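Each value in this text was obtained by applying a stated rule to the coordinates, not by laboratory testing. Treat the numbers as computed from the prediction; the structure is a model and nothing was measured. Note: ideal-geometry Cβ built from the backbone for every residue, glycine included; neighbour counts use all protein chains shown.
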Amino acid sequence: MISTIMNATPTMLDHQNTNKRLQDPIWAEVRAQFPILDQQVNGRQLVYLDNAATTQKPKRVIDAISTYYQEYNANIHRGLHSLAERATAAYEDTREAVRAYINAKEAAEVIFTRGTTEGINLVAQAWGRANLNPGDEVLISGMEHHSNIVPWQMICQERGAKLKVIAVTDLGELDMASFYDQITEWTKMVAVVHVSNALGTINPVAEIVQAAKKVGAYTLVDGAQSTAHLEIDVQALDVDFFAFSSHKLYGPTGIGVLYGKRTVLDAMPPYQGGGEMIKEVSFEGTTYNELPYKFEAGTPNIADTVALLEAINFVNELGKPAMHAYEQSLLTYGTEQLNTIDGLRIIGQAANKISVLSFAIDGIHPQDLGILLDTYGIAVRTGHHCTQPLMKRLGLPGTTRASLAIYNTTSEVDLLVTGLRKAVKMLR
Ligand code: C6P
């Protein structure tokens, strides 16, 4: 694969500086693990810059899914036969790997879900129904993804609780004065996003959790965009709930994690009823299983869970600090380069950011830009990024977002900039 790109002519790549790509540290070995990147889209080498939507998967993750189905497909926790034992062991190995990855105290605090969205809905429904009462307040922020807005709106409406919102500054940071103004003795839950998907802003979640604890509020951190980029230590953070999705962490879709503190989870009613979440069922009543199974009703997504282990191993082998340093260098380079484009404004200029470059170009609609970039083989996301209230606050219909991952290169940033220059000429 690497040789294909090495042998590609500059015209084929639409880029004069092919060698630069090869000078990027760790690029070659890392990139070679992602077969999907080695393809042409619309006649050009694919430049995949939509990693905040979903990351691509290394071959070891793809292989793990196929190995499960070819060698040990069986239902877990139920059968006594050898395949069932192997599948159960693999499933529980992933749970232990997740525990270590986020430094949870015990594996029983790791609940498998479909993704971040389901994790937050689980908390809003199961915790919210048992804990929210009329007059109580739930505090979220103005840069939340719809997944951390709508579930709270639904449960607040049902329970007569009030939803409050932390303001966002023009730079795209949380307005901490607004946070301290709004947190009160009535606040029962503070649910905030760790890293904004639309802006890349890294929020001061440790400070937020500490302040929430002072008023006795519970806390939830939406880790959808942080888990692949930042060190996560749920014990140091002392957060009650932390939700994330495997597919933004180089793992498969359809699997995610909700971390919850044992004391909090033990006190919560189940979310869904069915097989696996029970201890004993009779028509008179049911007793529930212990953690984490109380929250995992029905046959889970075994194949994608066992493959998530390989995604975690991939990240662990590279090491988060090295990954972060590399991605930060891409962010710095990308910011400098984008700022050279006439009429381009970077949306989200927080002091602490991950490698997300959201931008608006005067006189050009993001959608037109996205469609044109696609014809050059460049994949970006355009629109509101499921953060409509944030876009309204910023006075924008949406942005164009290039989100960079570990396999991206400065040369790909150059291709984006070249594409944008052409687009500006054509669309203005
Ligand atoms: N953001 C993006 O392109 P799910 O769909 O459950 O895996 O993740 C939802 C979610 C929750 N919180 C944040 C901060 C997110 O970024 C996302 C998903 C994608 O930005 C798809 S909209």
Label-point separation in nm, residue 162 to residue 426, each point 7 Å along Cα→Cβ
5.2
What is the spread of the Cα atoms of the chain along each of their three principal axes, largest first, in whole Å?
73, 57, 32
Orientation-averaged projected area, Cα convex hull of region 170-213 (nm²):
3.3
Tell me, what is the percent relative contact order of the chain, built from C-alpha pairs under 8 Å that lie six or more residues apart?
22
May I ask what percent, to the nearest 5, of DSSP beta bridges between residues of the chain are antiparallel?
60
Given labels modelled 7 Å from the Cα in the Cβ direction, how far is it in nm from residue 74 to residue 180?
5.9
Among 274-280, 405-411, the order from most to least packed when residues are scored by Cβ within 10 Å on average:
405-411, 274-280
List the GluC sites (Glu not before Pro) within region 175-236 that fall in a DSSP loop (any state other than H, G, I, E or B) and whose Cβ has at most 16 other Cβ atoms within 10 Å.
185, 231
Per DSSP H run of n ≥ 4, the term is -39500 (n - 2.57); total these for the chain, divide by its residue number, and report the mean residue ellipticity at 222 nm rounded to 500 deg cm²/dmol.
-11500 deg cm²/dmol
Measure up 162/213; 188/392; 164/279; 105/213 against 29 Å on the Cα-Cα distance and list the ones that go over.
164/279
Could you check the spin-label model distance between residue 288 and residue 66? Points 7 Å from the Cα along Cα→Cβ, value in nm.
4.1
Just flag the chymotrypsin sites (Phe, Trp or Tyr not before Pro) in region 32-107 sitting in loop per DSSP whose Cβ has no more than 14 other Cβ atoms within 10 Å.
none
With the dipole of region 62-316 defined by +1 on each Lys or Arg Cβ and -1 on each Asp or Glu Cβ, the option from 151, 87, 176 whose Cα lies farthest towards the positive pole is 151
In the chain, which helices (entire DSSP H runs) extend 24 Å or more along their own long axis, judged by Cα positions, while averaging at least 1.0 on the Kyte-Doolittle scale?
302-318
Stokes-Einstein diffusion coefficient of region 320-428, Kirkwood radius over Cα pairs, 10 °C, 1.306 mPa s, in µm²/s:
112
